[in-house]
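The values are calculated or read from the model by the stated rules, or taken from the named source; none is laboratory data. Only a predicted model underlies this, so the values are computations on that prediction, with no experimental measurement involved. Positions of Cβ are backbone-derived with ideal geometry, glycine not excepted, and every protein chain shown enters the neighbour counts. Surface areas here come from the heavy atoms of the whole protein model, side chains and all, with no ligands, DNA or RNA. Shrake-Rupley method; radii C 1.70, N 1.55, O 1.52, S 1.80 Å.
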Amino acid sequence: MQHYHIAVIPGDGIGNEVMPEGVKVLQAAAEVAGDFNLEFSAFPWGCAYYLEHGRMMAADALKTLEPFDAIYFGAVGFPGVPDSVSLRGMRLAICQSFDQYANVRPAVLLPGIRSPLAGKGPEAIDFIVVRENTEGEYSGVGGRVHRGLPLEVAVQSGVFSRTGIERVIRFAFRLAQSRRRRLVSATKSNALEYAFELWDEVFAQVGQEFPDVIAEQVLVDALAARFVLRPESLDVVVASNLFADILTDLGAAIAGSLGMAPTANLNPERTYPSMFEPIHGSAPDIYGQQIANPLAMIWSGALMLEFLGQPAAAQWIIAAMRALTESGHPLTPDIGGTARTYEVGDAVVALVRKVGVVADRL
Ligand code: NAI
Ligand code: MG
């Protein structure tokens, strides 16, 4: 029996509401599969922990997390703690320390969900953004001088290494090879000539290794328009940390809701644990009402099972989500329903049991 030890960090706000649903669905998938089990260990880190201890995670958190097979993460950030403190103190610390350089972000319109784009159905919105996740604009290099004075200056530098660019681009090419063989690279070399000329050069060089993939370089602003106008032309998109951050909220929006967009922060070499989380944040505006959509959290769990080597169980979860959205009930208010967070989780659990058992008999 394969055994996986999963670190669970619900974090803040709706992270605490969607996490139990994700765990419950994963447990159901493991039970149905019967040949692997999941052991979850929860950690109470986040903004409440910060207000008590002056830090977002325990001092030895990274050492504690390192032996786990994977990290299942909710969201961080809450009013009262600056977002820069919460994000850098947790999510960025984990992604950078565990070298989770490939952040995989699917934008897929599920059946029955209405895209805000007129006339675009599930066949038109099915692509993956691969985000560089350890350097670039989010390297954390810079400073502020003359603090509080009128002549105050802030410097924020991007750090782009050849190795860092090359590995994420190669990952994206491989992913495109396994799909519809089209890769778009988001650039801005017309204005950011140092970082993105290097990015473009590496993209062209790595592209030589993949003659079977149609590679295209597009300015990020034009690409944002293309997300809206021609999403069907996209298969895999590779972009820097900041560009992909912005593009994937747009991707989530056209796929129906931020509440449905999953993500995997991968260390592809498996030297360190990878981390799986929804794209959305802690949504303080809806926290406490049990109306948060748990599908992004649940879907991220499916990405985790796939990466851990349980693709069948991962597929059951995705099939269950598809069956749910297609049936139109129960769904949370962000996608037109009236259901509570836990009702959606319960429905997905029931569907996973049904789908898994049917698949087992085939
Ligand atoms: P957000 O993603 O939390 O919310 C944006 C909007 O989407 C809100 O109107 C919210 O109600 C809605 N929304 C988000 N998730 C939803 C779900 N599952 N179901 C239904 N509606 C949902 O982003 P926002 O408001 O910019 O940030 C709130 C906090 O979250 C901030 O402290 C921010 O720093 C943090 N944040 C953390 C992230 C992370 O932990 N990875 C990512 C993004 C933001
Ligand atoms: Mg974001």
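Points worth noting:
- When restricted to residues that are away from ligand 2 (no atom under 16 Å from the Cβ) and touching a helix residue (DSSP H, G or I) at 6+ places or on another chain (Cβ under 8 Å), segment 64-77 contains 5.
- Residue match in segment 290-304 (condition: closer than 24 Å to A7 by Cβ, touching a Leu at 6+ places or on another chain (Cβ under 8 Å) and more than 8 Å from ligand 1 (Cβ to nearest atom)): yes
- Taking the numbered list (1) more than 12 Å from ligand 1 (Cβ to nearest atom); (2) within 23 Å of F227 (Cα to Cα); (3) buried (at least 24 other Cβ atoms within 10 Å of the Cβ) in turn, L247 passes all entries but (3).
- Restricting segment 263-281 to residues that are away from ligand 1 (no atom under 11 Å from the Cβ) and over 30 Å from E197 (Cβ atoms), the residue that is most open to solvent (accessible area, probe 1.4 Å): R270
- Checking A292 against (1) away from ligand 2 (no atom under 13 Å from the Cβ); (2) under 23 Å from D126 (Cβ atoms), the condition it does not meet: (2)
- Entirely in segment 155-243, the helices (runs of 4 or more DSSP H) that have 2 or more residues that are aromatic (F, W, Y): 162-177, 193-207
- Helices (runs of 4 or more DSSP H) contained in segment 1-109 and holding at least 3 residues surrounded by 23 or more Cβ atoms within 10 Å (Cβ to Cβ) and out of contact with any Pro (no Cβ under 8 Å at 6 or more places or on another chain): 15-33
- Figure legend. Inter-residue proximity from segment 1-24: first residues modelled with pLDDT under 95, second residues open to solvent by 10 Å² or more (accessible area, probe 1.4 Å), beta-carbon distance below 7 Å, spacing 6+ or different chains. Indicated pairs: M1/D35; M1/N37.
Residue-by-condition table, conditions (1) surrounded by 18 or more Cβ atoms within 10 Å (Cβ to Cβ); (2) farther than 21 Å from I14 by Cα:
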{"site": "S233", "(1), (2)": "no, yes"}
{"site": "V238", "(1), (2)": "yes, yes"}
{"site": "A283", "(1), (2)": "yes, no"}
{"site": "G309", "(1), (2)": "no, yes"}
{"site": "A319", "(1), (2)": "yes, yes"}
{"site": "T341", "(1), (2)": "yes, no"}
